[in-house]
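Following: one structure in structure tokens, then a few remarks.
Computed from the coordinates by the stated procedures, all read-outs in this text should not be read as laboratory data. Because the structure is a prediction, the values reported are computed rather than measured. Cβ coordinates were reconstructed from backbone atoms using ideal geometry, including for glycine residues, and neighbour counts include every protein chain displayed.
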Amino acid sequence: KEKEKEKEKEKEKEKEKEKEKEKEKEKEEKEKKKRKKKKERKRKRKRKRKRIRQKGHQD
């Protein structure tokens, strides 16, 4: 009986670990998406500035 209880405890621990891993993964994904968006915005701004500068030279 004691051994069975131990097994149950182990199973619970494993489940908890899995949950933690999932949470971490989701966090990572969110961070990645955030960074990607930031990069995109930065690039767009750079491009805009370049275009404006070129227009200035044409005048």
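With r as the distance between the Cβ atoms of Arg43 and Lys19 and R0 = 35 Å, compute the FRET efficiency 1/(1 + (r/R0)^6) and round to 0.05.
Taking R0 as 35 Å, the efficiency between Lys19 and Arg43 is 0.45.
For Lys21, give me every one of the aspartates and glutamates with a C-alpha distance below 17 angstrom, ignoring sequence neighbours fewer than eight places off in its own chain.
Leaving aside aspartates and glutamates fewer than 8 places away in the same chain, those within reach of Lys21 are Glu10, Glu12, Glu29, Glu31.
Would you report the distance distribution of C-alpha pairs in the chain as whole percents per 5 angstrom bin, up to the bin with the largest distance?
Percent of Cα pairs in each bin: 3, 16, 9, 8, 10, 7, 8, 7, 5, 6, 5, 4, 4, 3, 2, 1, 1, 0.
What aspartates and glutamates does Lys25 reach when the alpha-carbon gap must be under 15 Å and sequence neighbours fewer than 8 apart in one chain are set aside?
The reachable aspartates and glutamates, counting only those whose Cα sits under 15 Å from Lys25, are Glu16.
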